[in-house]
Amino acid sequence: MRFFSPIPLLLRALALLSLLLSPSWAAAQDRRGPLVLAAASLQESMNAAADAWTRQGHARPVLSFAASSALARQIKAGAPADLFASADEDWMDDIQKAGFVARGSRADMAGNRLVLVAPAGKPVRLRIGHNMPLAAALNGGRLAMADPDAVPAGKYGKAALTALNVWPSVADKVARGDSVRAALALVERGATPFGIVYATDARASKSVQTVGTFPTGSHPSIRYPVARLTASRHRDAEGFRRFLLSAQGRTILGRYGFSAP
């Protein structure tokens, strides 16, 4: 039988502890800001907020954008993120029920509107309303939407079209994107004659025009909650969360078309 001395293991543990406590390791951690998982529609505004935060002397947050549904799945799979900014309350509810939201850290950050868009420069004669002839206006083409079964923008869009009694006529004509920005890109390229996106997405693009805005009562209120995650250990995570909710943070969001929550 062979016996192993615990001394080498102890030495390796002490060496690792020394590394973790060393100034060089701490400095490396300080250079990387908190990891923020944010809804795709927040790209421009969240980057602007991160820049403003950095100008205050903090390490720039690391931003990762995707559909809220995809981000929520990443969090539940163990992604080592610090903050989550969702485009709807359902996906934040989902991870909160699963125990991934730090107690007391969830708050509504912003609001948005839902719009119908078409490629820029294309003459459009269509008014949003009950029984609007959207299916006929597609003229054999497809309606670009984020996945209406999972992605917030798509779920809002389906709810609005259902309320206006339009969904049955277009349900089989939907080109599903994995995020609202994927749906926007289809319209920008002229691959689809119409698309449903957030007002802020339409505002961020020079390649689309807004045909009309869906009535607020036709779909659930669009709110963007933000929360710190239980896995977060970054010292700036809470500070950046508070910055996003501050008057300065909301002013930045407002510049990109977001409303108060």
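Mind checking whether some residue in segment 140-147 is over 29 Å from Ala48 (Cβ atoms), touching a helix residue (DSSP H, G or I) at 6+ places or on another chain (Cβ under 9 Å) and assigned to a strand (DSSP E or B)? Yes, the conditions are met somewhere in segment 140-147.
Annotation: of all residues in segment 211-261 being among the charged types (D, E, K, R) and surrounded by 15 or more Cβ atoms within 10 Å (Cβ to Cβ), the one that is farthest from Phe84 (Cα to Cα) is Arg250.
Mind listing just one residue for me: the one in segment 162-194 that is open to solvent by 60 Å² or more (accessible area, probe 1.4 Å) and assigned to a loop (DSSP other than H, G, I, E, B) and, of those, farthest from Leu126 (Cα to Cα)? Of everything passing the filter in segment 162-194, Asp178 is farthest from Leu126 (Cα to Cα). Just checking, does segment 216-235 include any residue being within 26 Å of Lys76 (Cα to Cα), in contact with a His (Cβ under 6 Å, 6 or more places away or on another chain) and not in a helix (DSSP H, G or I)? Scanning segment 216-235 turns up no residue that is within 26 Å of Lys76 (Cα to Cα), in contact with a His (Cβ under 6 Å, 6 or more places away or on another chain) and not in a helix (DSSP H, G or I). Output the residue which, of all residues in segment 195-210 that are assigned to a strand (DSSP E or B) and of a type in the set (A, V, I, L, M, F, W, C), is most open to solvent (accessible area, probe 1.4 Å). Restricting to residues being assigned to a strand (DSSP E or B) and of a type in the set (A, V, I, L, M, F, W, C), the top hit is Val208.
Residues in segment 74-101 that are among the small types (Gly, Ala, Ser) and within 24 Å of Ser221 (Cα to Cα): Ala85, Ser86, Ala87, Ala98.
The values are calculated or read from the model by the stated rules, or taken from the named source; none is laboratory data. From a predicted model like this one, the values you see are computed outputs, not experimental measurements. Glycine also receives a Cβ, built like all others from the backbone with ideal geometry; neighbour counts cover every protein chain displayed. Heads up: the accessible areas ignore ligands, DNA and RNA and are worked out on the full protein's heavy atoms, side chains in. Shrake-Rupley method; radii C 1.70, N 1.55, O 1.52, S 1.80 Å.
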